[in-house]
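See below for the structure under consideration.
Taken together, the values in this text are just the output of simple stated rules run on the coordinates, not laboratory data. None of the values given here were measured: they were computed from a predicted structure. All Cβ positions, even for glycine, are placed from backbone atoms using ideal geometry, and neighbour counts span all protein chains on display.
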Amino acid sequence: VFVSSDLLNGLHFRFQWYLTEGVLQTFKSIPRSHLEHASRPETVTRIVERYGEDKAVEITIQILREIGNNNEAEKLMKAHSENIAEQQILINS
């Protein structure tokens with residue numbers, strides 16, 4: 001499946017908008033200046049630095065749903081749940 005870079009950039013911009021504008025009441029926004037020229041990987045790094053890994057996943061899922069990307073939200077939720085289950089197995093071994 002081909003997705004244009006314009007579409008990806010638009011989604012990235014919308015995703016960042018949710019992070020910086022305080023639209024979602026469940027978390028404190030990230031200052032716009034911290035994400036202004038951030039690439040996708042830099043955005044991820046800033047989210048994890050600000051909220052910690054588990055909260056970053058929760059926020060990302062919430063934003064993905066808000067922007068209508070439910071499939072990606074479900075994939076991330078499943079992958080995160082599997083990761084937690086694997087960690088529990090290692091801890092209990």
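Would you pick out the residues in segment 66-93 that are β-branched (Val, Ile, Thr) and more than 23 Å from Leu19 (Cβ to Cβ)?
Ile84, Ile89, Ile91
Given the condition exposed (fewer than 11 other Cβ atoms within 10 Å of the Cβ) and among the small types (Gly, Ala, Ser), answer yes or no: does some residue in segment 33-46 qualify? Spell out the reasoning first.
Within segment 33-46, the subset exposed (fewer than 11 other Cβ atoms within 10 Å of the Cβ) is 33, 36-37, 39, 41.
So of that shortlist, the ones also among the small types (Gly, Ala, Ser) come out as 33, 39.
Yes, segment 33-46 contains a residue that is exposed (fewer than 11 other Cβ atoms within 10 Å of the Cβ) and among the small types (Gly, Ala, Ser).
Only one of these conditions is not met by Leu24: (1) touching a residue at least 24 places away in the same chain (Cβ under 8 Å); (2) assigned to a helix (DSSP H, G or I); (3) not aromatic (Phe, Trp, Tyr). Which number is it?
Tallying (1) touching a residue at least 24 places away in the same chain (Cβ under 8 Å); (2) assigned to a helix (DSSP H, G or I); (3) not aromatic (Phe, Trp, Tyr), Leu24 fails exactly one: (2).
Run down Leu11, Leu35, Leu19 and say which single residue is out of contact with any Pro (no Cβ under 9 Å at 6 or more places or on another chain) and without any contact (Cβ under 8 Å) to a residue 40 or more places away in the chain. Outline the logic, then answer.
Details: Leu11 fails: without any contact (Cβ under 8 Å) to a residue 40 or more places away in the chain; Leu19 fails: without any contact (Cβ under 8 Å) to a residue 40 or more places away in the chain.
Answer to the check: Leu35.
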